[in-house]
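Worksheet: one structure, shown below.
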Amino acid sequence: MSLSQALKISDSKSWSYIFNTVALLAICGSLAEAFYYQIFMNELPCPLCQLQRVALTMAGIGMMLNMRFGPSAVHYALILASAMGGATASVRQILLHIEPGDAGYGSELFGLHFYTWSFISFLVMMVFCSVMLCIDRNNMTAAFKTATKGLTVLVMYLFLTLTAANTVTSVMVCKFGSCPDNPTEYLWKF
Amino acid sequence: MIMMLPFFTALLAIWFAIRGHRPVAITAWVITFVIYLGWLKYHITDKLNISL
């Protein structure tokens, strides 16, 4: 079974559909990985980390709109704006820890801190939009609902679940005010 | 300002997108982005005590 058959798509927009689904899956992976470190390694997200999660989620919404309603320049504009916002937050955090001898915030993954990976992922997102705008140049139509079936529905609901979980844990970390700069414990425990 | 707010409005955007309400989903995204910019301005201009 080919990938397009697994995703139950057969029209000319199939590659756009597949790429956006894979990109959304990658965002789900990033959010899930952040949760893994939060829950199992007890690394609570700092305010800038939370902002980067929001930016990832906002970019994911643009990808989901492409999957759900077909490719549109507006949807790619949402992804680009999210990527620029997220890159700003991650650069701010990189610069906070740029001084020699600074251990940085949180764990490293393959030698880089998560906020550095975050910056790289936002740059990749910008490249993704550039490439997809070329691929989809003849598919930009007035948005219409597309039938989403198979694996893509699972990916969308996984994204919804992760965002709901982020909503709950942001309250647990920050309560209903601004977040602590260096959180070490949950302010609100069930 | 509540950090939960942008996550919540993003959640609404996702929900409306799944339900097929594109204009509402995009409106929720715009609200999320405005809140995000508010938080971002706060955290890039405020002194953060995270280099501990």
**OP:** Starting from segment A:147-176, take each residue that is on the phi > 0 side of the Ramachandran plot and list its partners that are aromatic (Phe, Trp, Tyr) and surrounded by fewer than 16 Cβ atoms within 10 Å (Cβ to Cβ), counting only C-beta distances under 9 angstrom and pairs at least six apart or across chains.
**Re:** A:175/A:188
Original post:
Just one of A:102, A:136 is in contact with a Pro (Cβ under 7 Å, 6 or more places away or on another chain) and either more than 9 Å from chain B (Cβ to nearest Cβ) or charged (D, E, K, R) (or both); which is it?
Top reply: A:136
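Please tell me if residue A:81 is surrounded by 15 or more Cβ atoms within 10 Å (Cβ to Cβ) and at pLDDT 95 or above.
Numbers: surrounded by 15 or more Cβ atoms within 10 Å (Cβ to Cβ): yes; at pLDDT 95 or above: yes.
Spelling it out, residue A:81 is indeed surrounded by 15 or more Cβ atoms within 10 Å (Cβ to Cβ) and at pLDDT 95 or above.
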**OP:** Scan segment A:54-78 for residues that are part of a helix (DSSP H, G or I), more than 9 Å from chain B (Cβ to nearest Cβ) and surrounded by fewer than 24 Cβ atoms within 10 Å (Cβ to Cβ) and jot them down.
**Re:** A:73, A:76, A:77
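To keep it simple, each residue is scored yes or no on (1) surrounded by fewer than 18 Cβ atoms within 10 Å (Cβ to Cβ); (2) more than 17 Å from residue A:26 (Cβ to Cβ); (3) basic (Lys, Arg).
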site: A:87; (1), (2), (3): no, no, no
site: A:95; (1), (2), (3): yes, yes, no
site: A:105; (1), (2), (3): no, yes, no
site: A:108; (1), (2), (3): yes, yes, no
site: A:112; (1), (2), (3): yes, no, no
Subject >> Count - residues of segment A:158-190 that are in a helix (DSSP H, G or I) and either more than 8 Å from every other protein chain (Cβ to nearest Cβ) or over 18 Å from residue A:58 (Cβ atoms) (or both) >> reply: 10
Subject >> Which numbered condition residue A:87 fails, given (1) under 14 Å from residue A:121 (Cα atoms); (2) facing another protein chain (nearest Cβ under 8 Å); (3) among the hydrophobic types (A, V, I, L, M, F, W, C) >> reply: (2)
Original post:
Within segment A:43-53, can you find the residues that are facing another protein chain (nearest Cβ under 9 Å) and either touching a residue at least 40 places away in the same chain (Cβ under 8 Å) or of a type in the set (S, T, N, Q) (or both)?
Top reply: A:46, A:47, A:48, A:50, A:53
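For segment B:1-15, how many residues are more than 16 Å from residue A:161 (Cβ to Cβ), buried (at least 19 other Cβ atoms within 10 Å of the Cβ) and out of contact with any Cys (no Cβ under 8 Å at 6 or more places or on another chain)? Can you show your working first?
Filtering segment B:1-15 for residues more than 16 Å from residue A:161 (Cβ to Cβ) gives B:1-6, B:9.
Remaining after also requiring buried (at least 19 other Cβ atoms within 10 Å of the Cβ): B:3-6, B:9.
Narrowing further to those that are out of contact with any Cys (no Cβ under 8 Å at 6 or more places or on another chain): B:5-6, B:9.
Total satisfying the criteria: 3.
Condition first: in a loop (DSSP other than H, G, I, E, B) and within 13 Å of chain B (Cβ to nearest Cβ). Can you find one or more residues in segment A:106-125 that meet it? Full working, then the answer.
Initial filter on segment A:106-125 (in a loop (DSSP other than H, G, I, E, B)): A:106-107, A:110-111.
Now drop any that are not within 13 Å of chain B (Cβ to nearest Cβ), which leaves A:106.
Looking through segment A:106-125, at least one residue is in a loop (DSSP other than H, G, I, E, B) and within 13 Å of chain B (Cβ to nearest Cβ).
Out of segment A:31-53, which residues are of a type in the set (S, T, N, Q) and modelled with pLDDT under 95? Before the answer, list the steps.
Residues of segment A:31-53 that are of a type in the set (S, T, N, Q), as a first pass: A:38, A:42, A:50, A:52.
Answer for segment A:31-53, where residues must be of a type in the set (S, T, N, Q) and modelled with pLDDT under 95: A:38, A:42, A:50.
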Original post:
Which of the residues spanning segment B:12-45 are over 16 Å from residue A:59 (Cβ atoms), facing chain A (nearest Cβ under 10 Å) and aliphatic (A, V, I, L, M)?
Top reply: B:12, B:18, B:44
**OP:** Please give the number of the condition residue A:94 fails out of (1) more than 10 Å from chain B (Cβ to nearest Cβ); (2) modelled with pLDDT of 95 or more; (3) farther than 25 Å from residue A:151 by Cβ.
**Re:** (2)
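The values are calculated or read from the model by the stated rules, or taken from the named source; none is laboratory data. Just so you know, these numbers come straight off a predicted model, no measurement behind them. Every residue, glycine among them, receives a Cβ derived from its backbone with ideal geometry; neighbour counts consider all protein chains shown.
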